[in-house]
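Following: one structure in structure tokens, then a few remarks.
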Amino acid sequence: VTTFIFDLDGTIHRSGKVIPGVVAAVRQLAAAGHQITFATNDSTVTRADQARWLAGIGIVTSTELVATAGAAAAQVLAESGCRSAFVLGPPAITAELQAAIPGIEFRAEGCDVVVVGLDPDLSYRKLCLAHQAVQDGARLVATNADPNYPTRDGRTAPGAGSVVAAVERSTGVTAEVVGKPSPALFLPLLAATGATAEEVVVVGDSPSDLLAAAALGARTVLTLTGVVSEPGDLVADLVVASVAELPAALTAAAAR
Ligand SMILES: [Mg+2]
């Protein structure tokens with residue numbers, strides 16, 4: 001049994017539009033007895049939101065089998081005893097922090113940690129509050145450091161990394177990044193499935209997926225449906241044109 005960790009944007013969908021054939025392929029792998037999980041750097045959705053979206057396209061899963069950068073950051077902070085936070089990010093991060101740390105207080109003044117993600121209400125005032133909290137000694141944690149993300153019109157928009165960079169620049173403090181390329185995003189999935197790194201195959205479209213998998217010690221599949229259309233100098237155990245071809249490609253690789 002293999003535990004697959006599927007990236008979402010560029011792997012299962014492109015800006016919310018499902019890539020043809022991937023749902024059938026994922027269901028085929030699940031029917032063969034493999035464990036199916038998902039990991040996204042997107043900090044603007046909760047795990048429950050993401051699980052609902054997957055169910056809507058025909059992939060039934062549970063929140064424990066979905067990792068988002070916001071939920072993984074909340075997990076890391078819960079384990080380190082964080083009691084108060086200032087969120088420079090979307091409501092989903094606040095929701096995941098509340099779920100992971102019962103009774104957590106949200107304030108800028110004297111907070112334990114500043115959590116930075118893609119903040120749809122970014123303002124200079126909020127940037128000042130984050131800056132001052134870090135200057136006063138708060139830990140600086142980023143859900144992810146993606147500089148930008150693809151939009152539906154085929155262009156890109158500023159990602160969480162652009163917000164993180166503002167706080168890093170003003171404070172001189174380097175943020176701890178939880179999302180890919182850090183393998184921290186995958187750890188809740190290993191805990192939920194009981195899988196070891198050797199049993200995991202990470203399937204993704206970007207260099208950060210491959211780097212996070214390598215840091216974990218997992219095997220890798222690169223799909224060419226997202227940020228790259230050619231492997232170039234990227235190193236993966238298997239390269240597929242699309243996840244739609246993954247079951248057949250795995251069978252062929254096993255026969256070699
Ligand atoms: Mg991706």
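Of all residues being of a type outside the set (Val, Ile, Thr) and within 12 Å of the ligand (Cβ to nearest atom) in region 1-13, which is nearest to LEU250 (Cα to Cα)? Just the residue, please. Top of the filtered list is PHE6.
Just to be sure, is ALA133 within 18 Å of PHE86 (Cβ to Cβ), in contact (Cβ under 8 Å) with a residue 12 or more places away in the chain and among the small types (Gly, Ala, Ser)? Yes.
Of the numbered criteria (1) modelled with pLDDT of 95 or more; (2) more than 22 Å from CYS82 (Cβ to Cβ); (3) not hydroxyl-bearing (Ser, Thr, Tyr), the one GLU168 fails is (2). Please specify each residue of region 77-123 satisfying the condition of being of a type in the set (A, V, I, L, M), part of a loop (DSSP other than H, G, I, E, B) and closer than 17 Å to ALA166 by Cβ. Residues satisfying the conditions are ALA108, LEU118, LEU122. Across region 56-67, the qualifying residues are those that are more than 25 Å from SER182 (Cα to Cα) and aliphatic (A, V, I, L, M), and the one among them that is farthest from the ligand (Cβ to nearest atom) is VAL60. The residue that is surrounded by the fewest Cβ atoms within 10 Å (Cβ to Cβ), among those in region 28-53 that are in a helix (DSSP H, G or I) and in contact (Cβ under 8 Å) with a residue 40 or more places away in the chain, is GLN28.
Could you look through region 231-256, keep only residues that are at pLDDT below 95 and of a type in the set (D, E, K, R), and pick out the one that is farthest from ASP9 (Cα to Cα)? By that ranking, first place goes to ARG256. Does VAL239 meet the test of being free of Cβ contacts under 8 Å to residues at least 24 places away in the same chain, in contact with a strand residue (DSSP E or B) (Cβ under 7 Å, 6 or more places away or on another chain), β-branched (Val, Ile, Thr) and within 16 Å of the ligand (Cβ to nearest atom)? Yes: the conditions hold for VAL239. Scanning region 14-55 for residues that are closer than 18 Å to VAL203 by Cβ, touching a Ser or Thr at 6+ places or on another chain (Cβ under 9 Å) and within 16 Å of the ligand (Cβ to nearest atom) yields ARG14, ILE19, VAL22, THR37, PHE38, ALA39, THR40, ASN41, ASP42, GLN50, LEU54. Is it the case, given these coordinates, that PRO90 is away from the ligand (no atom under 16 Å from the Cβ), within 16 Å of the chain's Cα centre (by Cα), under 26 Å from ARG152 (Cβ atoms) and at pLDDT 95 or above? Answer is yes for this residue.
The listed residues are VAL178, VAL164, and the only one of them that is buried (at least 19 other Cβ atoms within 10 Å of the Cβ), over 14 Å from the mean Cα position of the chain (by Cα) and among the β-branched types (Val, Ile, Thr) turns out to be VAL164.
The values are calculated or read from the model by the stated rules, or taken from the named source; none is laboratory data. A quick note: this is a predicted structure, and the numbers were derived from the prediction, not measured. Counting neighbours? That spans all protein chains shown, and the Cβs are built from the backbone with ideal geometry, glycine included.
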